[in-house]
1. Scan the range 76-113 for residues that are under 22 Å from ARG19 (Cβ atoms), open to solvent by less than 20 Å² (accessible area, probe 1.4 Å) and small (Gly, Ala, Ser) and jot them down.
2. Pairs under 6 Å by beta carbon, first residue in contact (Cβ under 8 Å) with a residue 12 or more places away in the chain in the range 1-14, partner open to solvent by less than 90 Å² (accessible area, probe 1.4 Å) and part of a strand (DSSP E or B), six or more apart or different chains?
3. Only residues that are touching a residue at least 60 places away in the same chain (Cβ under 8 Å) and farther than 18 Å from ASP135 by Cβ: list them for the range 34-70, please.
4. For the range 1-114, please list each of the strands (runs of 3 or more DSSP E) lying entirely inside it that holds at least 1 residues being under 14 Å from the mean Cα position of the chain (by Cα).
5. Taking into account only those residues within the range 14-55 that are open to solvent by 30 Å² or more (accessible area, probe 1.4 Å) and small (Gly, Ala, Ser), which is nearest to SER84 (Cα to Cα)?
6. Taking TYR116 as meeting all but one of (1) open to solvent by 10 Å² or more (accessible area, probe 1.4 Å); (2) within 26 Å of TRP185 (Cβ to Cβ); (3) of a type in the set (Phe, Trp, Tyr), write down the number of the exception.
7. Restrict the check to the range 56-75 and report whether at least one residue is aliphatic (A, V, I, L, M), modelled with pLDDT under 95 and open to solvent by 70 Å² or more (accessible area, probe 1.4 Å).
Amino acid sequence: DSIFFDRSLDRGSTFGRDRAIGFQPNGWAISEREVWRGNGFPTIITDQSNGAFSGNIYVLWSDTRTGVPDAYFIRSTDHGGTWSLPQDLTTQDTCHHLFPAMAVDPTTGHIFIAYYSIDKSRKDSTDVFLASSIDGGVTFATTKISKSAFVANDFLGDYMSVAAFDRHIYPVWIRDESISRTSIWTALVRDSESS
C-alpha cells in the first residue's frame, strides 16, 4: 500500500535506501465492476526541459483512499530528497478515475496527465480528461478530451498513454463500442499556454 522511491547519484552504479514517498491504499489494482483489471499503476517521470522546472521529478497514480478511485500527483524539486503532499487531480467528485498516464513536454516543461472518468450515475458513463500544468505541478487545469461519453463494457486495456512535444499533446485511449468491439482513439491537443 505504499509507493517507494530510490535513487542513484553515480549513474546507476549504486543506489541508496528505498523510501516510501506515497500512500496507495489497497495497492494499484482497483476493483471496478464495469472494467476488467482496472488499475492506478504508478508512473514516474522527470522534467528534462531547459525550463524553470528542469530536474523536477513527478509521480502519478490512482487509489481508493476516498472510497472511489482518484488520480494523485506528487512532485520533488530537490532530486527526490523531499516530496510534496499528494494532490488529487480529479474534478468530478463522484466519478471513478482509472489508468492515469503522464508526459512532460521536453521543450516547455509543461505536464500533461490523461485519465478515464467513469460516472456511475449515467449509462454512457465514461469520458477521458486531460489535466495540464504550466507551473511545475503546483496547479492543474482540466479539460474533457473525449468526443462523447461511452460505456466501459469490459476491457479498456491495462494502460492509456499520452505523449507531448513542442506544444503538441497526443493522448491515446481505448473506447468500447460494444461488448466485443473496441477502438483506439486519440486527440491532438495544442498547448497554447505560455511558460
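The values are calculated or read from the model by the stated rules, or taken from the named source; none is laboratory data. Everything quoted here is computed from the prediction, not taken from an experiment. Positions of Cβ are generated from backbone atoms using ideal geometry, with glycine treated the same way; all protein chains shown enter the neighbour counts. Just the protein is used for accessible areas: all its heavy atoms, side chains included, with ligands, DNA and RNA removed. Shrake-Rupley method; radii C 1.70, N 1.55, O 1.52, S 1.80 Å.
1. Hits for the range 76-113 are SER76, GLY80.
2. Qualifying pairs under 6 Å: SER2/ALA20; ILE3/ILE21; ILE3/GLY22; PHE4/ALA20; PHE5/ARG19; PHE5/ILE21.
3. Result: GLU34, VAL35, TRP36, ARG37, GLY38, ASN39, GLY40, PHE41.
4. 35-39, 43-46, 57-63, 70-76, 96-104
5. ALA20
6. Only one criterion is unmet by TYR116, namely (1).
7. no
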